[in-house]
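Accompanying notes for the structure given below.
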Amino acid sequence: MYHSFDAVIVGAGGAGLRAALELGRAGSVAVLSKLYPTRSHTGAAQGGIGAALGNSEEDLWEWHMFDTVKGGDYLVDQDAAEILAHEAVETVYELEHWGLPFDRTPDGRIAQRPFGGHTHHFGQGPVRRSCYAADRTGHMILQTLYQQCVRNNVQFFDEYHVLDLLVRDGATCGLTAYQILTGEIHTFRAKAVLFATGGMGRMFKITSNAHALTGDGPAIALRHGVPLEDMEFFQFHPTGIRKMGILITEAVRGEGGILLNNEGERFMERYSPTLRDLAPRDIVSRAIYLEIQAGRGINGQDYVNLDASHLGREVVEAKIPDIADFCQTYLGVNPAVEPMPVQPTAHYAMGGIPTDVDGRVLLDEQNTPLPGFYAAGECACVSVHGANRLGTNSLVDLVVFGRRAGRDMARFITQTDFASLPPDCECLACAEVERLLHGAGSESAAAIRRELQEVMMDNVGVFRIEGQIQAAVDKVRQLQERYRRVGLQDKGARFNTELLEAIELGYLLDLAEVTAVSALARRESRGAHSREDYPERDDENWLKHTLAYRTDNGVALKYKPVSITRFQPKPRTY
Amino acid sequence: MQVTLKIQRFNPQVDARPYWKEYTVEVDPSDRLLDALHQVKWVQDGTLAFRRSCAHGICGSDAMTINNVNRLACKVLMAGLGPKVTVEPLRGFPIVKDLVVDMEPFFDKYRSIKPYLINYDPPPPVERYQDPKDRARIDDTTRCILCGACTGSCPSFWGNREYVGPAAIVQAHRFIFDSRDQGANERLEILNDRNGVWRCRTIFNCVGACPREIDVTRAIGEVKKLLLFNRMV
């Protein structure tokens with residue numbers, strides 16, 4: 001089936017929905033999502049959205065910008081960080097105007113709390129910058145944006161899975177998608193396409209990410225010659241529920257929770273004297289690993305304790321009720337009374353599809369845009385998070401850059417004509433689906449995925465070293481070979497989730513390869529990328545962004561400079 | 001431990017009617033039912049269809065009927081289920097395939113009650129102020145994740161699919177009682193219908209089903225009371 005829209009957005013999380021709202025009446029818009037929009041992973045975000053409102057204490061957007069740049073270990077493009085910090089304030093007010101039920105201060109203003117890496121006066125101490133709604137800020141943001149889309153009659157194609165982008169003569173012409181209900185392949189002609197498909201945490205065994213997060217957008221972009229930027233920078237959030245990876249928000253520490261080792265010691269005092277438990281996530285994750293390696297994990301095992309019991313029952317029930325519910329449900333632990341067992345969990349992709357500050361996708365080191373192709377949210381790399389993302393900055397990223405992408409798309413579609421579709425435009429997508437459905441393969445996609453997740457977690461995790469990363473690259477390539485022989489039991493057309501999981505596995509394998517190759521090449525430690533064989537940050541050789549291309553001869557790497565405006569790189573200590 | 005899952009299967013394109021299929025899985029007591037379903041799908045029978053995403057009770061994808069109670073598959077631990085577990089799709093919704101139901105009617109009803117803030121005044125340059133007490137008033141109903149467990153557990157809904165359902169009323173309540181909203185009367189108008197709030201017979205199944213522990217029946221009752229005694233100005 002064939003559709004024509006001025007703009008098509010893939011992904012109905014925070015960035016996709018915000019862009020859809022911005023497009024407004026500029027033209028016809030369709031939002032495609034492989035899940036019902038309210039199921040998007042934005043809804044799982046807990047801690048808050050960072051903006052320098054200054055409701056509880058003095059705060060300036062310039063401090064937020066600095067914290068973002070330093071938090072990203074100076075790999076952040078500072079022009080992007082400036083926009084993020086500056087526009088954060090108005091986008092948060094806008095969300096509130098749309099009805100977001102923020103928690104409130106006694107005088108009725110949006111309540112804010114401290115969060116990892118957010119400081120006043122350029123690093124002097126923690127500042128209350130995270131605007132929150134209990135511990136379900138993401139849920140409220142997603143719901144509020146979807147409500148506004150309902151109000152504005154935005155057209156949705158729910159449970160449509162993107163298969164391919166369509167490009168002809170260097171211009172975007174649309175995309176193909178698989179309708180999950182019927183198995184039918186749809187072609188969408190469009191002047192502009194926005195990918196807002198979220199993260200790719202399902203490359204790893206222990207992750208906070210939903211099953212749906214398989215990096216669809218970046219993987220498809222890669223297949224069209226678009227490089228992926230900074231893929232080696234993957235954040236491991238320090239506090240996932242042991243073994244399950246379910247996130248326990250940084251807000252627990254924002255409210256006063258502390259991390260303890262076997263000896264009951266608040267070990268973050270040693271690793272980060274100023275910010276302690278509110279140090280940025282990469283620093284805390286490494287600290288936890290080092291404590292575990294030194295034998296100071298709880299009962300000598302691979303986790304530490306997050307203790308919020310001193311906060312008292314009332315604070316726990318008011319401020320972190322969802323967390324308390326998870327702990328009770330999955331661990332039988334009541335955070336008001338006992339500590340929570342936590343360990344690092346694969347959480348966020350700082351890297352992704354390279355874009356400029358208006359969401360336009362860039363093809364090379366010269367920042368040449370591909371007209372009509374946009375990306376926003378976690379799947380994009382502006383780069384506003386650099387080598388490590390601060391908590392609360394993802395929710396801001398979604399609304400600030402989602403809005404900007406929507407705005408530029410609105411401008412673009414009014415100035416551009418449709419490009420004609422390539423002949424046989426459904427070819428690539430159909431061929432892939434056919435091969436999986438009716439090919440003679442017998443490999444199990446689930447087994448391949450399991451092995452992928454294990455090797456990535458073990459070898460390309462918090463601490464990395466050359467031999468291990470190389471082993472991961474080799475293993476991923478073996479798995480890609482086996483993937484060509486995947487067979488399915490479900491050969492039907494109706495709601496064939498086995499087929500979709502196999503397609504998603506293909507994406508994960510490609511992204512894993514790019515991640516591991518990029519990590520192997522970067523011989524320094526910066527932000528979340530930590531090399532045991534190269535433990536120092538090396539600005540002289542490595543203050544640059546990685547661009548990884550997929551070619552017929554494997555992954556090719558190029559580099560481009562970082563935009564540095566206000567803050568010269570300094571050693572990153574807290 | 002070994003557990004037998006008795007799962008309702010049905011592919012309307014192929015099967016004449018739903019049927020049961022049993023699978024035996026090896027699980028830990030702390031595994032979620034979702035983990036057991038994945039084991040079936042990934043190891044034994046790839047044709048089994050079910051929705052899921054976040055796997056920790058926030059996205060609302062995997063609401064289903066487990067041992068006759070509506071739950072989220074990712075929030076139920078195997079420890080509490082016993083050696084034989086019955087798994088069925090939510091009742092009252094057309095079955096798409098196996099445990100996947102057609103959620104379109106459910107979302108249509110949600111959309112019908114104007115589930116967005118209505119305020120006709122121009123917004124201030126900063127946030128609208130809201131007293132913490134007013135914020136607390138809507139804390140319960142803002143927790144709804146639209147999973148469908150409540151509506152799917154409601155005998156009034158089973159008896160009449162036109163009933164707008166508990167979830168839609170909860171979502172309306174969330175705005176009606178939001179001190180910043182001015183659209184209460186518009187929504188009350190919509191709900192003041194035999195298929196609106198008045199279909200509710202105060203059965204309380206919804207309260208038992210809600211994975212977010214929202215006091216659904218109370219919320220419905222409060223809307224009824226408004227309609228009976230005191231329209232908001």
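Annotation: of all residues in segment A:12-30 being closer than 14 Å to A:Gly217 by Cβ and within 14 Å of chain B (Cβ to nearest Cβ), the one that is surrounded by the most Cβ atoms within 10 Å (Cβ to Cβ) is A:Gly13. Selection within segment A:105-147: residues that are at the interface with chain B (Cβ under 10 Å from one of its Cβ atoms) and charged (D, E, K, R). The member of this set that is most open to solvent (accessible area, probe 1.4 Å) is A:Asp107. Counting only helices (runs of 4 or more DSSP H) wholly contained in segment A:203-292, the ones carrying 1 or more residues that are closer than 30 Å to A:His161 by Cβ and of a type in the set (Asp, Glu) occupy A:216-223. Scanning segment A:334-345 for residues that are of a type outside the set (S, T, N, Q), out of contact with any Lys or Arg (no Cβ under 8 Å at 6 or more places or on another chain) and buried (at least 18 other Cβ atoms within 10 Å of the Cβ) yields A:Pro335, A:Pro339, A:Met340, A:Pro344. Taking the numbered list (1) within 11 Å of chain A (Cβ to nearest Cβ); (2) closer than 19 Å to B:Ser153 by Cα; (3) not aliphatic (A, V, I, L, M) in turn, B:Asn11 passes all entries but (2). Could you please let me know if A:Glu451 is closer than 18 Å to A:Met200 by Cβ and open to solvent by 40 Å² or more (accessible area, probe 1.4 Å)? Yes: the conditions hold for A:Glu451. Among residues of segment B:165-182 that are within 9 Å of chain A (Cβ to nearest Cβ) and surrounded by fewer than 24 Cβ atoms within 10 Å (Cβ to Cβ), those with a beta-carbon under 8 Å from a residue that is among the charged types (D, E, K, R) and outside any helix (DSSP H, G or I) at least six positions away or on a different chain give the pairs B:Arg180/B:Arg128. Please indicate, with yes or no, whether at least one residue in segment A:483-500 is open to solvent by less than 20 Å² (accessible area, probe 1.4 Å), within 19 Å of A:Leu437 (Cβ to Cβ) and without any contact (Cβ under 8 Å) to a residue 40 or more places away in the chain. Checking segment A:483-500: at least one residue is open to solvent by less than 20 Å² (accessible area, probe 1.4 Å), within 19 Å of A:Leu437 (Cβ to Cβ) and without any contact (Cβ under 8 Å) to a residue 40 or more places away in the chain. Within segment A:442-500, the set of residues being in a strand (DSSP E or B) and over 22 Å from the mean Cα position of the chain (by Cα) comprises A:Glu443, A:Val486. Against the test of being more than 8 Å from chain B (Cβ to nearest Cβ), farther than 30 Å from A:Thr274 by Cα and open to solvent by 10 Å² or more (accessible area, probe 1.4 Å), the options A:Glu94, A:Glu87 yield a single qualifying residue, A:Glu94. When you check A:Ala440 against the structure, is it touching a residue at least 40 places away in the same chain (Cβ under 8 Å), open to solvent by less than 20 Å² (accessible area, probe 1.4 Å) and of a type in the set (A, V, I, L, M, F, W, C), yes or no? In short, no. Scanning segment B:108-146 for residues that are under 23 Å from A:Asp158 (Cβ atoms), at the interface with chain A (Cβ under 7 Å from one of its Cβ atoms) and either of a type in the set (Phe, Trp, Tyr) or open to solvent by 10 Å² or more (accessible area, probe 1.4 Å) (or both) returns B:Arg111, B:Tyr116. Among the residues of segment A:336-365, those identified as outside any strand (DSSP E or B), touching a residue at least 40 places away in the same chain (Cβ under 8 Å) and not aliphatic (A, V, I, L, M) are A:Pro339, A:Gly351, A:Asp358, A:Gly359, A:Asp364, A:Glu365. Of all residues in segment A:506-547, those being within 18 Å of the chain's Cα centre (by Cα) and of a type outside the set (D, E, K, R) number 16.
Residues of segment A:322-333 that are surrounded by fewer than 24 Cβ atoms within 10 Å (Cβ to Cβ) and closer than 14 Å to A:Glu250 by Cα: A:Asp322, A:Ala324.
The values are calculated or read from the model by the stated rules, or taken from the named source; none is laboratory data. These numbers come from a predicted model, not from an experiment. No Cβ is skipped: glycine too gets one built from the backbone with ideal geometry, and neighbour counts run over all protein chains shown. Calculation scope for accessible area: heavy atoms of the full protein, side chains included, ligands and nucleic acids excluded. Shrake-Rupley method; radii C 1.70, N 1.55, O 1.52, S 1.80 Å.
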